[in-house]
Amino acid sequence: VQLQASGGGLVQAGGSLRLSCVVSGRTLNTQTIGWFRQSPGKEREFVARISKVQGLTSYANSVKDRFTISRDFALNTVYLQMNNLNPEDTAVYFCAADRVSFPTTDPTTWDSWGQGTQVTVSS
């Protein structure tokens, strides 16, 4: 499976961005898709995921109620809508895929990764 993330950019605090992850090689009902982020000097951390069959969602506490993960089967694309952004959200955001329905939040356990997209939130 191949993943292509896009949609990053520079936004002011309080603003919004929508990231996209186009998945190829597998359909979304066979892959759980997750979003992770990594800031300089920090480990890659889990942000959100959507399970492959039921579409159940899970979020990191730091983004709950601000970020929403969703998917479009026709476009084989997963989105991350990010609202009320703050400077602590600044990071490179990655999408990832896994064959299991509910993979762990440990990024080392996920099967496939796309390249990252930079999100910068100015104060």
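The values are calculated or read from the model by the stated rules, or taken from the named source; none is laboratory data. Just so we're clear, the structure is a prediction, and the values are computed from it rather than from any experiment. Glycine also receives a Cβ, built like all others from the backbone with ideal geometry; neighbour counts cover every protein chain displayed. Please note that ligands, DNA and RNA were not included when accessible areas were found on the heavy atoms of the full protein model with its side chains. Shrake-Rupley method; radii C 1.70, N 1.55, O 1.52, S 1.80 Å.
Per-structure values
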read-out: Selection count where residues are surrounded by 17 or more Cβ atoms within 10 Å (Cβ to Cβ) and either modelled with pLDDT of 95 or more or of a type in the set (S, T, N, Q) (or both), scope region 84-112; value: 14
read-out: Selected residue (only one of F46, F102, F36 is assigned to a loop (DSSP other than H, G, I, E, B), among the aromatic types (F, W, Y) and out of contact with any Gly (no Cβ under 6 Å at 6 or more places or on another chain)); value: F102
read-out: Check on T68, polar (S, T, N, Q), open to solvent by 20 Å² or more (accessible area, probe 1.4 Å), modelled with pLDDT under 95 and farther than 17 Å from F94 by Cβ; value: no
read-out: Filter result for S123 (touching a residue at least 12 places away in the same chain (Cβ under 8 Å), of a type in the set (S, T, Y) and surrounded by 14 or more Cβ atoms within 10 Å (Cβ to Cβ)); value: no
read-out: T77 surrounded by 14 or more Cβ atoms within 10 Å (Cβ to Cβ), in contact with a Pro (Cβ under 7 Å, 6 or more places away or on another chain) and at pLDDT 95 or above; value: no
read-out: Residue count, region 105-120 (criterion: in contact (Cβ under 8 Å) with a residue 24 or more places away in the chain and part of a helix (DSSP H, G or I)); value: 1
read-out: Members of region 78-99 found to be in a loop (DSSP other than H, G, I, E, B) and in contact with a Lys or Arg (Cβ under 6 Å, 6 or more places away or on another chain), listed by number; value: N83, N84
read-out: Selection status of R37, within 16 Å of D111 (Cβ to Cβ) and buried (at least 16 other Cβ atoms within 10 Å of the Cβ); value: no
read-out: Counted residues, region 62-90 - those being of a type in the set (S, T, N, Q), within 14 Å of the chain's Cα centre (by Cα) and farther than 21 Å from G15 by Cβ; value: 1
read-out: From the options K52, K42, residue that is buried (at least 22 other Cβ atoms within 10 Å of the Cβ), charged (D, E, K, R) and out of contact with any Phe, Trp or Tyr (no Cβ under 7 Å at 6 or more places or on another chain); value: K52
